[in-house]
Every structure is written in C-alpha cells, then in structure tokens.
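**Q** Supplied in structure tokens, the structure appears directly below.
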Amino acid sequence: MEKKITIWYDKKADLLEVTFEKKPGYFRDTENDAVMEKVDMNGNVIGFSIMRVSALPTTKQISIGLKGFAVA
C-alpha cells in the first residue's frame, strides 16, 4: 500500500511540516526544541514540524525519535 506524505514549508513562519496522514490531531513537544510531533487522538504519530528552519546549522543533522511512529 502506498502512503502519501505531504511536505509544506511556510517561509513567513519559517516552518517545515511533514504529514504522513491527513486526520485530526495535535502537536506535542519532542526532546528537540525545534521539532514538534503531530499525533492523532490515539497517540500515533501522523507527522512532524520543524520550526526556525532557516536558523538551523547547515552542517548539523537533526535526529529525534518519534514516539508512536510505525512504518507500515
């Protein structure tokens, strides 16, 4: 089964959002201040956002663990 991933960048807000599923949910904090994970009402990760994208170091990789994320 093919999954559709949506990637959206808001230049004015300097925010990158990646969504794995289009359904209601909310954002919660991660261990990285620049990254929020989007979860559905059952706590399953359905996306994430990265704030202040233009301020990120170009030579440093961002690595976080998304709780409740499973690749099907």
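**Q** Would you be able to tell me the number of residues in region 43-62 that are over 9 Å from the mean Cα position of the chain (by Cα) and either surrounded by fewer than 15 Cβ atoms within 10 Å (Cβ to Cβ) or β-branched (Val, Ile, Thr) (or both)?
**A** Going through region 43-62, the residues over 9 Å from the mean Cα position of the chain (by Cα) turn out to be 43-44, 51-62.
Now restrict to residues that are either surrounded by fewer than 15 Cβ atoms within 10 Å (Cβ to Cβ) or β-branched (Val, Ile, Thr) (or both): 43, 52-55, 57-62.
Going through region 43-62 one residue at a time, the tally reaches 11.
**Q** Against the definition (hydrophobic (A, V, I, L, M, F, W, C) and more than 22 Å from Gly65 (Cβ to Cβ)), how does Ala55 come out, yes or no?
**A** Details: hydrophobic (A, V, I, L, M, F, W, C): yes; more than 22 Å from Gly65 (Cβ to Cβ): yes.
So Ala55 fits the description; yes.
Listed here are the residues, each with its yes/no results for (1) of a type in the set (Ser, Thr, Tyr); (2) over 13 Å from the mean Cα position of the chain (by Cα); (3) surrounded by 16 or more Cβ atoms within 10 Å (Cβ to Cβ); (4) within 21 Å of Leu56 (Cα to Cα).
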site	(1), (2), (3), (4)
Lys4	no, yes, no, no
Ile7	no, no, no, yes
Asp10	no, yes, no, yes
Ala13	no, yes, no, yes
Leu16	no, no, yes, yes
Phe20	no, no, yes, no
Gly25	no, no, yes, no
Glu37	no, no, yes, yes
Met41	no, yes, no, no
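**Q** Find all pairs meeting these conditions: Cβ atoms under 7 angstrom apart; at least six residues apart or on different chains; first residue within region 24-37 and closer than 15 Å to Val53 by Cβ; second residue in a strand (DSSP E or B) and of a type in the set (Lys, Arg).
**A** Met36/Arg28
**Q** Could you list, in sequence order, the residues of region 1-32 that are among the hydroxyl-bearing types (Ser, Thr, Tyr) and within 14 Å of Gly43 (Cα to Cα)?
**A** Taking region 1-32 as the starting set, the residues that turn out to be among the hydroxyl-bearing types (Ser, Thr, Tyr) are 6, 9, 19, 26, 30.
Answer for region 1-32, where residues must be among the hydroxyl-bearing types (Ser, Thr, Tyr) and within 14 Å of Gly43 (Cα to Cα): Tyr26, Thr30.
Throughout, read-outs are computed from the coordinates displayed, never taken from laboratory work. Predicted, not measured: the structure shown is a model, and the values here were computed from it. Please note: Cβ atoms are built from the backbone with ideal geometry, for glycine as well, and neighbour counts cover all protein chains shown.
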